[in-house]
Amino acid sequence: MRFSDVLPTLPLDALVQQSHDTSEQTVQRVLAQGRATNLTEFAALLSPAAQPYLEQMAAASMQLTQKYFGKTIRMFAPLYLSNECINICTYCGFSRNNPIPRITTPMDQVVDETRKLARKGFRALLLVAGEHPKYVSNGYVADVIRELLPIMPNIGIELGPLETDAYRSIVDAGAENLICYQESYHPETYAGLHPAGPKKKFNFRLETPERGYDAGFRRVGIGPLFGLYNWRYEAIATAAHGLHLLRHCWKSQLSIALPRMRPAAGGWTPNPEFHMYDRDLVQAIAAFRLLLPHAAISMSTREHPTLRNGLVRLGVTHMSAGSCTEPGGYSSYDEEAWVQTKTAQEGEQFHISDSRAPHVVADMIRQQGYEPVWKDHDISFTPTGSR
Amino acid sequence: MIDALTTQPLRIGDREFSSRLLVGTGKFASGDFMREACAASETGLVTVALKRAALQGPDEFADILDYLDQDRYLVLPNTAGAMNAEEAVRIARLAEAAGLPKWVKLEIHPDPNYLLPDPIETLKAAEVLVEEGWTVLPYINADPVLAARLQDVGCATVMPLGSPIGSNRGLETAAQLKIIIEQARVPVVVDAGIGTPSHAAAAMELGADAVLVNTAIAVASNPAQMARAFAAAVIAGRTAYELGLPGIQEKAAATSPLTAFLG
């Protein structure tokens, strides 16, 4: 059974209401058992009644994370291949009607940028692109992966959803990780935000992790985009998705990201009613950890340095650093200081909030008593590893 | 006081180790913490996940092996991350090519959550690697039949789990461990789930030949001190086992002979 069959049967609105109505006693009971074991208990941890228990939740989250991941943070870098896109997503800088310069990075430049990232320490790369069959075809991505694998042993993709066979050829090329954020699990909201392009197909996107799993990805990443709809609704739906994948995709590591909207080209105005505050985000991360102790939780540079520093110990397991969200953007970075030398970055997807250099972030992680782990995968695990 | 206790050395393959504590190197807050904890544990055998090591040449960003003095420890490469026999065999061969000893801790866990080992793939990989001359130490669930099968294949130890990796739940598989120990022709190393020194001591009192500890040392507030605590517990448990504990003596001995009346 696919998650697209499950989602419509879930009482998500009722769970959101239940979360609002949670009593302090329920929160205490869930915290006393040290884990959330179902969506009702997860909703309790997201509740307003749980807010006074944030410190206790954070401590429990830290302890569980240390048990399964140790005092380590795995480092990765995103690399944007192209901002060509045929979709209209009203909140995204790459949306097809936005008058931004459209760039698809040529292969030799992709290789140069990857080498540059490798010199900064990265051994894990996330390839990102808009959805465009002409510029970002399956064959192109597989070629890129084959070319980069000797430089980066761990490669993930975050592209428009593909069919299983297309994913299979990407896995065969050596990709380990597939990320596809649903953006919103609320079908009406989703429909309003995606008026045109293949991304309109809510269920096709929702089933992406399962198709990726069938194709052999070792890690599948899911997440909402907070700020588009009620954050508790999105968190509960993401949790339900995670629980489903744990049962049905048992050989894949589940990875969760909890990105919040950032300003982007196109002038999308957020609805203040859906704003997720820093405290809400921390509460959500701790709640996810208490529900899914083994899940990887990834944190990108879209969050500000103070928050990222604080999250190192609170349940996050993977962090990007020094990221550029514009295709070809790393080429104009000063390698030593890791600052953008170009003044305008009109082709970026969104503007990052933590622009610290990778080595500065790594030092910060060490200061928190954690080890930044750069390499945690080997080329020999891929079928093509002998190359 | 603990120094006054001596235990028989541990023999695995063609090597002898004075310590019966094996240490894992993942999850430490830094390479220095890891190095200090290994030294404090007085272990002779440390295991390293190959996926974190530089196998294709020196790499300052994957330098975990640089923290381990290979004259002092036998570095036991492990195949964590491998999801099937083929991957495990491939990465083991790569480790050998990179100059590591031809020893391998076989870890094949397709389930990335509980990291429970796959018995079928483990047996397959063990057959291949033993045939190629490796000293193979397989991580397994506490399954006595699988343990026997792996010994038939020629594995140098069996390493059954006490409870899932990182869980710190101790010897939840004690009943099965006892059977494995009873039937063992090779050293039995209890691996995974040992969260406290008392768990380690309990494993040794059961008759395990050694224990492997990682998480409980690595995430302790003072890993080196915790390593010492585990080392002491292992020695205490083993000493008691070698002396013979009343509770685990196989033969009953009544204080007054029960058959004296027969004359």
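Side notes on the structure shown:
- Contacts under 7 angstrom Cβ, first residue in segment A:29-58 being free of Cβ contacts under 8 Å to residues at least 60 places away in the same chain and more than 15 Å from A:Ile236 (Cβ to Cβ), partner among the β-branched types (Val, Ile, Thr) and open to solvent by less than 20 Å² (accessible area, probe 1.4 Å), 6 or more apart: A:Ala49/A:Val27; A:Tyr53/A:Val27
- Within segment B:8-22, the residues that satisfy the criterion of being crowded, with 21+ Cβ neighbours inside 10 Å and more than 16 Å from B:Pro101 (Cβ to Cβ) are B:Leu10, B:Arg20, B:Leu21.
- Residue count for segment B:30-49 satisfying the condition of being touching a Ser or Thr at 6+ places or on another chain (Cβ under 8 Å) and in a loop (DSSP other than H, G, I, E, B): 3.
- Condition met for B:Lys105 (buried (at least 22 other Cβ atoms within 10 Å of the Cβ) and away from chain A (no Cβ under 12 Å)): yes
- Whichever residue in segment B:1-30 is within 14 Å of chain A (Cβ to nearest Cβ) and over 17 Å from the mean Cα position of the chain (by Cα) and, among such residues, is nearest to B:Lys105 (Cα to Cα): B:Phe28
- Among the helices (runs of 4 or more DSSP H) confined to segment A:270-387, the ones with at least 1 residues that are within 14 Å of another protein chain (Cβ to nearest Cβ) and free of Cβ contacts under 8 Å to residues at least 24 places away in the same chain are located at A:358-367.
- Where A:Asp278 falls short, out of the listed (1) of a type in the set (D, E, K, R); (2) under 24 Å from B:Met83 (Cα atoms); (3) touching a helix residue (DSSP H, G or I) at 6+ places or on another chain (Cβ under 8 Å): (2)
- With respect to the conditions (1) open to solvent by 10 Å² or more (accessible area, probe 1.4 Å); (2) on the phi < 0 side of the Ramachandran plot; (3) touching a residue at least 40 places away in the same chain (Cβ under 8 Å), B:Asp118 lacks only one, and its number is (3).
- A search for C-beta distances below 8 Å between a residue of segment A:215-231 that is over 20 Å from A:Pro161 (Cβ atoms) and of a type in the set (A, V, I, L, M, F, W, C) and any residue that is assigned to a strand (DSSP E or B) and open to solvent by 10 Å² or more (accessible area, probe 1.4 Å), counting only pairs 6+ apart in sequence or on different chains, returns A:Phe226/A:Arg260.
- Some residue of segment B:153-167 being surrounded by fewer than 22 Cβ atoms within 10 Å (Cβ to Cβ) and free of Cβ contacts under 8 Å to residues at least 12 places away in the same chain: no
- Filtering segment A:196-234 to residues that are within 14 Å of chain B (Cβ to nearest Cβ), in contact with a helix residue (DSSP H, G or I) (Cβ under 7 Å, 6 or more places away or on another chain) and open to solvent by 30 Å² or more (accessible area, probe 1.4 Å) leaves only A:Gly216.
- So A:Trp250, is it closer than 25 Å to A:Leu162 by Cβ and among the aromatic types (Phe, Trp, Tyr): yes
- When residues in segment B:192-250 are screened for being touching an Asp or Glu at 6+ places or on another chain (Cβ under 6 Å) and part of a helix (DSSP H, G or I), 5 of them pass.
- When we screen B:Thr173, B:Thr255, B:Thr259 for residues that are open to solvent by 20 Å² or more (accessible area, probe 1.4 Å), more than 14 Å from the chain's Cα centre (by Cα) and in contact (Cβ under 8 Å) with a residue 24 or more places away in the chain, the only hit is B:Thr173.
- Residue in segment B:108-154 that is nearest to A:Pro293 (Cα to Cα), counting only those that are away from every other protein chain (no Cβ under 14 Å) and among the β-branched types (Val, Ile, Thr): B:Ile140
- Taken over segment A:236-269, residues that are open to solvent by 30 Å² or more (accessible area, probe 1.4 Å) and in a helix (DSSP H, G or I) amount to 4.
- B:Phe33 satisfies every condition listed in (1) open to solvent by 20 Å² or more (accessible area, probe 1.4 Å); (2) modelled with pLDDT under 90; (3) in contact with a helix residue (DSSP H, G or I) (Cβ under 6 Å, 6 or more places away or on another chain); (4) at the interface with another protein chain (Cβ under 10 Å from one of its Cβ atoms) except (2).
- Test result for B:Arg72, at pLDDT below 95, farther than 18 Å from B:Glu132 by Cβ, open to solvent by 10 Å² or more (accessible area, probe 1.4 Å) and away from every other protein chain (no Cβ under 14 Å): yes
- Out of B:Leu100, B:Leu106, B:Leu94, one residue alone is at pLDDT below 95 and in contact with a Ser or Thr (Cβ under 7 Å, 6 or more places away or on another chain). It is B:Leu94.
- Output for segment B:190-242, where each listed residue is over 22 Å from B:Phe28 (Cα atoms) and surrounded by 24 or more Cβ atoms within 10 Å (Cβ to Cβ): B:Ala203, B:Met204, B:Ala208, B:Gly237, B:Arg238
- Filter result for B:Gly133 (open to solvent by less than 10 Å² (accessible area, probe 1.4 Å) and either at pLDDT below 95 or more than 30 Å from B:Arg35 (Cβ to Cβ) (or both)): no
The values are calculated or read from the model by the stated rules, or taken from the named source; none is laboratory data. None of these values were measured; they are calculated from a predicted model. All Cβ positions, glycine included, derive from the backbone under ideal geometry; neighbour counts span all protein chains shown. Calculation scope for accessible area: heavy atoms of the full protein, side chains included, ligands and nucleic acids excluded. Shrake-Rupley method; radii C 1.70, N 1.55, O 1.52, S 1.80 Å.
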